[in-house]
């Protein structure tokens with residue numbers, strides 16, 4: 001394990017401030033985090049211990065029938081709460097079906113929702129895994145994957161969510177409250193669209209929709225019209241880059257459902273959705289397809305991807321004849337070989353930074 005700072009804040013506000021430092025991670029019971037640290041899957045520079053914050057351990061039953069559950073409530077305590085088990089037996093049963101009694105007595109409901117996938121390739125630092133290292137590929141797709149996703153997977157990842165708890169929460173339209181340094185959370189439009197979980201709307205498609213409509217209000221209005229069969233709205237969506245009949249039908253089906261519209265309404269009350277950033281049309285990499293491989297030393301993979309997309313490029317997870325640039329750092333593997341095979345121009349990180357600075 002790497003060396004790390006240990007911080008024990010006295011309040012939620014202090015915890016948020018302490019966790020705002022780069023490389024920080026929250027520590028509750030640690031039933032998942034400590035295993036990941038021991039295996040060098042994650043290497044936090046600071047652990048912020050929140051296990052003692054009693055304000056996050058409450059189960060509040062409200063007059064309207066809703067229940068507010070603190071993030072530090074133990075799985076076993078929630079499942080065995082008589083009122084909760086009576087009103088929400090499916091959730092209580094899901095909690096009791098997870099892990100062992102020892103773990104249920106230690107693990108928290110917040111940690112349950114935030115636990116990382118159990119995919120063996122995620123736990124193996126030598127394997128390509130986009131969840132662990134964005135852009136590294138997904139070795140599970142061509143590997144031992146009989147326990148991976150059949151539905152809801154993407155080209156980037158076929159891992160499943162390990163939480164039994166989250167399934168009935170989704171069925172009951174649960175809402176997660178998030179508190180950060182700025183209070184109410186801000187989220188990019190493309191991230192919000194992607195997070196809705198519409199079929200056939202992955203990260204790339206969500207970005208195309210966000211850029212096409214520019215704002216949440218415009219996108220939301222268009223979706224409601226598409227769901228109502230408005231031909232003009234359907235034609236407008238169909239005219240967007242990378243959007244076709246399959247995506248349009250999926251959007252229409254999602255927003256045609258009352259409970260989905262209810263979820264969207266509640267979510268938009270909890271977050272501030274930022275307008276989409278328009279990509280630059282006259283940059284050196286505008287309309288180009290870029291692939292990142294290996295370790296980047298001057299920026300993270302997410303930062304490199306965001307920069308490329310902001311400058312009008314398309315970032316791909318695989319190399320083909322249509323790829324324009326492959327940016328290769330130390331440890332580059334099969335993607336570098338594919339670039340050489342297809343005659344794609346290979347750039348070092350310094351050459352890439354020089355290119356986008358022009």
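The values are calculated or read from the model by the stated rules, or taken from the named source; none is laboratory data. It should be emphasised that the depicted structure is a prediction, and the values quoted were computed from it without experimental measurement. FYI the Cβ positions are ideal-geometry reconstructions off the backbone, even for glycines, and counts take in every protein chain you see.
Listed values, structure above:
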{"read-out": "Sole residue being in a helix (DSSP H, G or I) and either modelled with pLDDT under 85 or in contact with a strand residue (DSSP E or B) (Cβ under 9 Å, 6 or more places away or on another chain) (or both), chosen from 332, 308", "value": "308"}
{"read-out": "Selection within region 50-77 - touching a strand residue (DSSP E or B) at 6+ places or on another chain (Cβ under 8 Å), surrounded by fewer than 17 Cβ atoms within 10 Å (Cβ to Cβ) and not in a loop (DSSP other than H, G, I, E, B)", "value": "59, 60, 61, 68"}
{"read-out": "Among (1) under 16 Å from residue 111 (Cα atoms); (2) surrounded by fewer than 18 Cβ atoms within 10 Å (Cβ to Cβ); (3) at pLDDT 95 or above, the one test that residue 80 misses", "value": "(1)"}
{"read-out": "Selection within region 254-282 - exposed (fewer than 14 other Cβ atoms within 10 Å of the Cβ) and either outside any loop (DSSP other than H, G, I, E, B) or at pLDDT 90 or above (or both)", "value": "257, 258, 259, 262, 265, 266, 269, 270, 272"}
{"read-out": "Qualifying residue in region 263-281 (condition: over 23 Å from the mean Cα position of the chain (by Cα) and either outside the structural domain of residue 207 (by TED's automatic domain parsing) or on the phi > 0 side of the Ramachandran plot (or both))", "value": "yes"}
{"read-out": "Some residue of region 152-161 being outside any loop (DSSP other than H, G, I, E, B) and touching a residue at least 40 places away in the same chain (Cβ under 8 Å)", "value": "no"}
{"read-out": "Check on residue 232, outside any loop (DSSP other than H, G, I, E, B), loosely packed, with under 14 Cβ neighbours inside 10 Å and over 16 Å from the mean Cα position of the chain (by Cα)", "value": "yes"}
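Okay, residues lined up against (1) surrounded by fewer than 16 Cβ atoms within 10 Å (Cβ to Cβ); (2) closer than 22 Å to residue 300 by Cα; (3) more than 14 Å from the chain's Cα centre (by Cα):
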site: 117; (1), (2), (3): no, yes, no
site: 121; (1), (2), (3): no, yes, yes
site: 125; (1), (2), (3): yes, yes, yes
site: 130; (1), (2), (3): no, yes, no
site: 134; (1), (2), (3): no, yes, no
site: 137; (1), (2), (3): no, yes, yes
site: 141; (1), (2), (3): yes, no, yes
site: 146; (1), (2), (3): yes, no, yes
